[in-house]
Amino acid sequence: MSFIDQMRLDNKVALITGASHGIGEGIAVAFAEAGADVVLAARTVSDLERVSRRVESLGRKVLVVPTDVSDLSAVQSMVDTTVDSMGSIDVLANVAGSVRRVTILEATPDDWDFTTHVQQRSVYFASQAVARVMIDQGRGGKMLNIASMTSYRGYHGISLYGAAKAAVIQMTKNMAVEWAPYDIQVNGIAPGWIDTPMTATIAPSRRRWIEEHTLQRKFGVVEDLSATAVLLCSPAGGFITGQTIPIDGGFLAGHPWPTGDQ
């Protein structure tokens, strides 16, 4: 089998949370381009239907399952509906996320619950539910969790988000350990500054600072993540598990010298 063939996801069913826009949409479309049938889960039905049309144009089967991943009963229903309608789950991508900006001194228990339920608890229990399906199927599977550069560094006003995303990296390791005997590989991607609806409101001055402190001196685009997502969830990534890969244009690696300095 050629390397390109190993990147295929033909005859696989991929479930993607947070699939209505941004990174989730990009990964869903990439999986479909690689041959997978996809299940799109998020809260906004109109956006899911728009993404669904993109997938259908690629000739793949698609199922829209409106889901609020902060509701664990809805998460289980999402998994059950996927199995009932598509017959199996071979790939899970936990992409759903939301940021509530609040300082540590101002944060409330409600802020904590809102942030951790979407970023952390949903990943844990969606993965648990899907792992049970994969184990019953008896043919292994792939899981992809979306962490963040905030998993590694502190940032003002998003301590709750950063803590939850740091937990995603550790959960990825623990899941990889526990489910290795079932041939389930679990990996993560930690996006850097990517042009998405979530980053669209960044002030121009802050955007300039980010670009100046990124080795490649630019924001990434969603497509910058797609090939790695497919790699980790395809046979080509079969010997990778428990890893989280930053895709950030070198932001975490270090800062470039100012232009003209030696």
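So here's what we get for this one:
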quantity	calculated
Those residues of segment 140-153 which are of a type in the set (G, A, S) and either open to solvent by 60 Å² or more (accessible area, probe 1.4 Å) or part of a helix (DSSP H, G or I) (or both), in sequence order	S151
Answer from A32, A19, A74 - the residue that is open to solvent by less than 70 Å² (accessible area, probe 1.4 Å), at negative phi and over 18 Å from the mean Cα position of the chain (by Cα)	A74
Hits in segment 39-71 (condition: outside any loop (DSSP other than H, G, I, E, B), farther than 19 Å from D84 by Cβ and open to solvent by 70 Å² or more (accessible area, probe 1.4 Å))	S46, E49, R50, R53, R54, E56
Segment 115-129 residues that are in contact (Cβ under 8 Å) with a residue 12 or more places away in the chain, paired with ones that are among the polar types (S, T, N, Q) and open to solvent by 50 Å² or more (accessible area, probe 1.4 Å) (beta carbon under 9 Å, 6 or more apart)	F125/Q76; A126/Q76; A129/Q76
When residues of segment 157-197 are limited to those that are farther than 17 Å from V123 by Cβ, in contact (Cβ under 8 Å) with a residue 60 or more places away in the chain and open to solvent by 20 Å² or more (accessible area, probe 1.4 Å), the one farthest from the chain's Cα centre (by Cα)	A180
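The rows are residues; the columns are (1) part of a helix (DSSP H, G or I); (2) under 20 Å from the mean Cα position of the chain (by Cα); (3) of a type outside the set (F, W, Y); (4) exposed (fewer than 15 other Cβ atoms within 10 Å of the Cβ).
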residue	(1), (2), (3), (4)
V79	yes, yes, yes, no
S85	yes, no, yes, yes
S98	no, yes, yes, no
T116	yes, yes, yes, no
Y155	no, no, no, yes
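The values are calculated or read from the model by the stated rules, or taken from the named source; none is laboratory data. Note that the coordinates shown come from a computational prediction; the quantities given were computed from them, not determined experimentally. Using ideal geometry, Cβ is built from the backbone for each residue, glycine included, and neighbour counts are taken over all protein chains shown. Just the protein is used for accessible areas: all its heavy atoms, side chains included, with ligands, DNA and RNA removed. Shrake-Rupley method; radii C 1.70, N 1.55, O 1.52, S 1.80 Å.
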